[in-house]
1. When only DSSP loop residues count, what chymotrypsin sites (Phe, Trp or Tyr not before Pro) in segment 29-68 have their Cβ near at most 14 other Cβ atoms within 10 Å?
2. Quickly estimate the mean residue ellipticity at 222 nm for the chain, helices only: each DSSP H run with n ≥ 4 gives -39500 (n - 2.57), and the total goes over all residues, rounded to 500.
3. Alpha carbon centre of segment 9-66 versus segment 102-126: separation in Å?
4. Rounding to the nearest 20 debye, state how big the charge dipole of segment 3-210 is about its Cα centre with +1 on each Lys and Arg Cβ and -1 on each Asp and Glu Cβ.
5. Under a 5 Å amide H to amide H cut-off, with H placed in plane at 1.01 Å, what residues pair with A146 once short-range neighbours are removed?
6. Once you wrap a convex hull around the alpha carbon atoms of the chain, what is its projected area averaged over all directions, in nm²?
7. Would you work out which of Q136, G119, F167 lies farthest towards the positive end of the dipole of segment 90-212? Charges go on Cβ: Lys and Arg +1, Asp and Glu -1.
8. Which value results for Rg/Rh of segment 123-206 when Rg is the Cα radius of gyration and Rh the Kirkwood radius based on the inverse mean 1/r?
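Each value in this text was obtained by applying a stated rule to the coordinates, not by laboratory testing. What you see is a predicted model; the values in this text were computed from it and never measured. FYI the Cβ positions are ideal-geometry reconstructions off the backbone, even for glycines, and counts take in every protein chain you see.
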Amino acid sequence: MGRPFLISNLGYWYVSWVGQTSSIYRIREEIRRRLEQSYGGFIYAFWHGRQLLMPYLHAHDQAHTLISLSKDGDQIARIAQRFGIRVVRGSSSRGGVRALVTMKRLLAQGQRVAMTPDGPRGPQGVVQPGILFLAQKTSCPIVPIAYGVKRRMIVRGWDEYVVPFPFNRITMVYGEPLMVSPHDSLEAKREELARALHQVTTEADQLARNGR
């Protein structure tokens, strides 16, 4: 077993340890359930710095998540797959067009996909156009989501990556779906999605710190 596999295994066990020892609260999960039951395909959106716990919180959700073709992406992909998350590889700098075509096909089949609209290189909190193009071409809603944790470490970098500690309080927050119609301004929708993601992220952090 090589070093990359050792790192991904350690990552998987750490994320599992955090999840299994923590209290988890889900806020407005009925949004997710309603879309699953009545709509078919939709797109989860969350900031790049809030991705570590997503595979655990959505384990075996039958979602396909977009992960870059970088070495870091290799580790993240292995961890996600251990939790039953399916992976589509690509990013704005490499393999992006092929990945978007794949995700468009999955959405047309009624599948769920997940993207970090400010990834993989940032800037932090700035929505890149790929997710909006995908939503516009498929008429599928975007669901802004975020988790917050009471005890955490922030890895200083462009995305302010959140690493939660075990024995924690975790809040998983779902925002109202956002639609992108053929006649919408993508610039206006970029700003709307960014606001929605900041709102659910702030709410998740506040609930994790202060309780429900």
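1. Y39
2. After summing the helix terms and dividing by the residues of the chain, the value is -13500 deg cm²/dmol.
3. Between the Cα centre of segment 9-66 and that of segment 102-126, the gap is 14 Å.
4. Value, rounded to 20: 560 debye.
5. Long-range HN contacts for A146: V173.
6. With the hull built on Cα positions only, its mean projection is 11.1 nm².
7. Selected residue: F167.
8. Here Rg/Rh amounts to 1.04.
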